[in-house]
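Here is the structure we will look at.
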Amino acid sequence: MTGPDVDSAAGAHAITAGRRAGRGRDSGDDGPPPSPVDARLVPAALLSWAAALAAVAAAPATALAGAGACLAIAGIAAAALVRRRRTGGRHRAAPLAPPAGAVLLAAMVVAAVLTSTAAQSHARSSGLLADLVDRGAAADLTGRVLDEPQPIAAREWDDAGRFRVTVGATEVSGRGSVSAADAEVVVLGPGSWGDLALGEEIRVRATPTPTAPGEEAVALLSTDREPDRLARPPWHLRGVNHIRASLREAAADLPPDARGLVPGIAVGDDRAVPTGLTEDMRTTALTHLTAVSGAHVAIVLGTVLAVCAWMPRRARAVVGAVALVAFVALVRPEPSVSRSALMGAVVLTGLLLGRPSRALPALCTAVVLLLLADPWMSRSYGFALSVLATAGLVLLARPWARWLSHVMPRWLATVVAVPGAAQAACGPVVLLLQPALAPYAVPANVMAAPAVPPATVLGVSAALVASLWPAGGGVLAAAAAGPAWWIALAARTFAGLPGAALPWPGTVAGVLGLALLTALGLAALARVGPPRPRPWLPATIAAALLLVMPGPRQAVAGILPGAGPASNWVAAQCDVGQGSAFLLRSGPSAAVMVDVGPAGSDPAGCLTSTGTDRLDLLVLTHPHSDHVGALPEVLAAVKVDRALVSPATAPRHTVETVAAQLAAADVPTEVATADGGAAAGRSGAVSWEVLWPTSAAADVLPADAVNDRSVAVHLAAPELSAVALGDVELDGQAGVLRAVRAAGRDPPDVVVMAHHGSPRQHPGLAAALAPRVTLVSVGADNDYGHPAATALDLYRPHGAVLRTDECGPITLVARPELAVSAACPR
């Protein structure tokens, strides 16, 4: 989670207080000053957080020593309080909340947290499992799946992918011993592990390796075996799994964005969100919407209490408690959900007792109780962002709304203040995850905010109804697709604006610098006297918000010289992460496409952004998932007239899947070789020629030489020529070099570098091609080391070398001279 957790409950509390404070006379003031904030629990919460953060990485004895020191401090503070009471502490001039009382409270809380941490750390570091981890000995672990399997970066030849599964170990055996266990382990397994359900009991045999100090999981296990399934999940988890699966099925026929967002917003199942949309939501700080933050808990709880408004107070509290427990079970107790649920329990207790809730004390209580139960939560970014966002709403939203109400309508000031306060509080921590500032985070959240409640309520309703009545659930999921579309529109719109991600150092100095600038900005804003309202300001803000919408923005861009998207683009390298997808324009709304990228990488968005609605030719260089995984997305987005595929026959599953997908879309398909029947041709305005492989090479190469069977193709359009090399290795590149020399044509304008810039590059081929522009389609922070510095150095002497991990999508434009349009760092 990289966006702030905008907690509606806390936000509503702050907004309501702001409205009460704003009911003043028409003077320069907005009414009486707000009531003081009850911050008595803040020191205890902060100190216990810091103590847990340090203690989970320390030895249990160290944590116990810290607890003893805290108890000694508590004893001194208690003695001071007793002495004060005996020596006149009841005098009228004496302070009502002496420092000794705060010290006593904080010391006792920190001692409790340290003691709990020491006990849990001791249990983790003792026993047979810990001994096997220390020895690096093979072990058989039995346990239950604690969360849904999460896909991880798979090797390009592994068409089934790999998954990360968190398992709660209950029994371990190794070195001739068997023992009970009570610890979390992380298992990295092949594609078959992706089918595991929450709560399923499994057995795995592997050699555990220790995790870093402070990690919640005690060991990491990697296996290539299928999981040994022992028992189904307990009855209550079977129900949860069924409801979540029913929602995924109900959303299966929705458009890609809604297919991912409806389950993501409703129950936190964001596995189907397209990669491009995920990046846009991260850029605009909207990822909290699919993390099931406090806002979702507040929306669901508020809806239930509103429906039950006719009930007596105590009955409403009971129904709310049942709904709260059920919702937390449905979405899984993630750190932000646990924190929000505990705050909701505090609110319900206040409702039951007929007393008003206090947001800040409730937040501090939630923090302490959660750290007592799970000290490792102190190291969770999700937990930190959730707590900071709520604190920002409680402390900042009300004064911000009061200040902003002087220059804009009160309702608009409130709408802007809520995400602004959350973003300001979370900004420094977000830098540690993404070293960039998100200047459009507040307007993006403002735009998305009206759609969040209906998307959440309709999505949760669809999940519940679909589990009993699939057709009805499908109707509700379709209704939720409307708000989900609006949220996706907000993310894509603001992420596409210039300067959507401004670089900022993600170091400690950068974090402290941003925190200091935020504090100085708040201080300056608080000192500025309120200007008189100006009637033109709301209209200006409304016009600015309107012009970021795609339709109005394009209409205005169309009448401005040089504005809007380039209509004279000739080639584009789509940003599909660690994969490849290249376009060469072949007509007004048509193109030749080489590869489509991995599943979920949103090549359809690349096609849409270039105005392409037909592919005259689709070349799939070889059957690896990072080049063909997104084929269903492309086939659903545009019409494909013809396809060329590699003569590779492995991986068999991927080859068969691609053939079936093309056949189902009625796409004429041919196997491409340099000397076969599909060796050359013309598609629209583009002529093409297969350079590699030859039929003989395809026959004699080893079966596992899939990369060297990549189709390397020369493409020639009126304005530009290009060579796309697929993933050919050294043998394949040598064959391409022979074909290039035999053709004797001029060097191409553009080359798509082989294999994402791997170090296995043929110097002779780079010299023979000598392109003006070299494109490297590569994912940021990939674990292959792509692109290699040696590969880049081979092509740099000939022209520009542009990488999608640095530049994002890259477009080549005829102006009339060839030019590059990309957001590359200078």
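The values are calculated or read from the model by the stated rules, or taken from the named source; none is laboratory data. As the structure is a computational prediction, the values presented were derived from the model and not from experiment. We place every Cβ from the backbone using ideal geometry, glycine too, and count neighbours over all the protein chains shown.
Side notes on the structure shown:
- Residue in region 656-678 that is among the polar types (S, T, N, Q), in contact with a strand residue (DSSP E or B) (Cβ under 7 Å, 6 or more places away or on another chain) and assigned by TED's automatic domain parsing to the domain that holds ALA636 present: yes
Condition check ((1) out of contact with any Ser or Thr (no Cβ under 6 Å at 6 or more places or on another chain); (2) crowded, with 19+ Cβ neighbours inside 10 Å; (3) assigned to a helix (DSSP H, G or I)) across all residues:
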| position | (1), (2), (3) |
| --- | --- |
| VAL465 | yes, yes, yes |
| ALA471 | yes, no, yes |
| GLY474 | yes, yes, yes |
| ALA480 | yes, yes, yes |
| PHE494 | no, yes, yes |
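- Selection of region 318-346 for residues being at pLDDT below 80 and either touching a strand residue (DSSP E or B) at 6+ places or on another chain (Cβ under 6 Å) or part of a helix (DSSP H, G or I) (or both) yields PRO335, SER336, VAL337, SER338, ARG339, SER340, ALA341, LEU342, MET343, GLY344, ALA345, VAL346.
- Among the conditions (1) part of a helix (DSSP H, G or I); (2) modelled with pLDDT under 80, HIS406 misses just one, which is (1).
- In region 597-616, the residue that is farthest from ASP280 (Cα to Cα) out of those that are surrounded by 23 or more Cβ atoms within 10 Å (Cβ to Cβ) and hydroxyl-bearing (Ser, Thr, Tyr) is THR612.
- Among the residues here, GLY577 qualifies as at pLDDT below 90, touching a helix residue (DSSP H, G or I) at 6+ places or on another chain (Cβ under 8 Å) and surrounded by 17 or more Cβ atoms within 10 Å (Cβ to Cβ).
- Subset of region 694-708 (residues that are part of a loop (DSSP other than H, G, I, E, B) and either more than 16 Å from ARG652 (Cα to Cα) or touching a helix residue (DSSP H, G or I) at 6+ places or on another chain (Cβ under 6 Å) (or both)): THR694, LEU701
- Of the residues making up region 430-445, those that are in a helix (DSSP H, G or I) and crowded, with 19+ Cβ neighbours inside 10 Å number 7.
- Selection from region 686-702 of residues that are under 27 Å from PRO718 (Cβ atoms) and either crowded, with 19+ Cβ neighbours inside 10 Å or basic (Lys, Arg) (or both): VAL686, TRP688, VAL690, LEU691, TRP692
- Region 225-249, residues that are surrounded by fewer than 14 Cβ atoms within 10 Å (Cβ to Cβ) and within 27 Å of the chain's Cα centre (by Cα): none
- Any chance VAL634 is free of Cβ contacts under 8 Å to residues at least 40 places away in the same chain, in a helix (DSSP H, G or I) and touching a Pro at 6+ places or on another chain (Cβ under 7 Å): no
- Residue within region 612-627 that is of a type in the set (Asp, Glu), within 19 Å of SER586 (Cβ to Cβ) and part of a loop (DSSP other than H, G, I, E, B) present: yes
- Region 634-648 - residue that is more than 22 Å from HIS756 (Cα to Cα) and at pLDDT 90 or above and, of those, surrounded by the fewest Cβ atoms within 10 Å (Cβ to Cβ): LYS639
- Counting only helices (runs of 4 or more DSSP H) that sit completely within region 709-826, those holding 2 or more residues that are surrounded by 20 or more Cβ atoms within 10 Å (Cβ to Cβ) correspond to 730-743, 763-769, 789-795.
- Flag if LEU691 is touching a helix residue (DSSP H, G or I) at 6+ places or on another chain (Cβ under 9 Å) and under 21 Å from VAL776 (Cβ atoms): yes
- Region 117-150, subset hydroxyl-bearing (Ser, Thr, Tyr), modelled with pLDDT of 85 or more and in a helix (DSSP H, G or I), residue surrounded by the fewest Cβ atoms within 10 Å (Cβ to Cβ): SER121
- Summed over region 261-290, the residues that are part of a loop (DSSP other than H, G, I, E, B) and in contact with a helix residue (DSSP H, G or I) (Cβ under 6 Å, 6 or more places away or on another chain) give a count of 9.
- Enumeration of residues in region 193-223 that are under 17 Å from ASP131 (Cβ atoms), in contact (Cβ under 8 Å) with a residue 60 or more places away in the chain and not in a strand (DSSP E or B): THR207, PRO208, VAL218
- Selection within region 446-456: residues that are of a type in the set (A, V, I, L, M, F, W, C) and crowded, with 22+ Cβ neighbours inside 10 Å. The member of this set that is farthest from ALA500 (Cα to Cα) is ALA455.
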